[in-house]
Amino acid sequence: MPATNILANMFVTLYNTEARRKGECLVLPTSKLATDVLKTLQHHNYIGEFEHVDDRKGGKFKIQLLAKITKCGAITPRFKVKKGDYAKWEQQYLPSYSRGMLIVTTNQGVMSHHDAAKSGLGGLLIGFVY
C-alpha cells in the first residue's frame, strides 16, 4: 500500500526513534520534498548526516540522530502564510517564541520560517520541529 503522506510518515518516524533514544533511523519511502526538509533540519542541527539509499522500491533515508528533537510533525493542510504572519503560526505550533522552527516551502525552496522572514518571503507551512 503506498504512503499517503510521505512527510508525515518521515516526521512520525523521526519523533518515535528520538523518543526511543536510538542513534539512527530508517525512513521510507522518499521524495524530493523530504530531501529538502532533511537538508533544512540538518542545516539547523536537528539531525546529523543522512544518506539516500536507492532500493528501486521508492528509496530509503538513513538518518543519524543527534537527540535534539523534542517534537516534530507535518502541518496538514498546508496553510498559506504571508511574510509578516509567522508570529501567529509560531504561537500555534511552537512552545515559545525563541524555541523551534516552522518549515516553509517558498518559491526559493524549502527553508525555516526564520530564513523566510529575513528574506521577506511567504509560502506554505509544511512542518514544525522543536
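The values are calculated or read from the model by the stated rules, or taken from the named source; none is laboratory data. Since we're looking at a predicted model, the values are computed, not measured. In this analysis, Cβ positions are derived from the backbone assuming ideal geometry, glycine residues included, and neighbour counts consider all displayed protein chains.
Considering each residue of segment 105-116 in turn, at least one proves to be of a type in the set (A, V, I, L, M, F, W, C), within 13 Å of the chain's Cα centre (by Cα) and surrounded by 12 or more Cβ atoms within 10 Å (Cβ to Cβ).
Residues in segment 94-130 that are at pLDDT below 95 and either under 19 Å from Ala8 (Cβ atoms) or part of a strand (DSSP E or B) (or both): Ser96, Arg99.
Residue by residue, here is whether (1) of a type in the set (Phe, Trp, Tyr); (2) at positive phi holds:
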| site | (1), (2) |
| --- | --- |
| Gly59 | no, yes |
| Gln64 | no, no |
| Asp85 | no, no |
| Tyr97 | yes, no |
| Thr105 | no, no |
| Gly120 | no, yes |
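Selection within segment 7-50: residues that are of a type in the set (Asp, Glu) and touching a residue at least 24 places away in the same chain (Cβ under 8 Å). The member of this set that is nearest to Asp115 (Cα to Cα) is Asp36.
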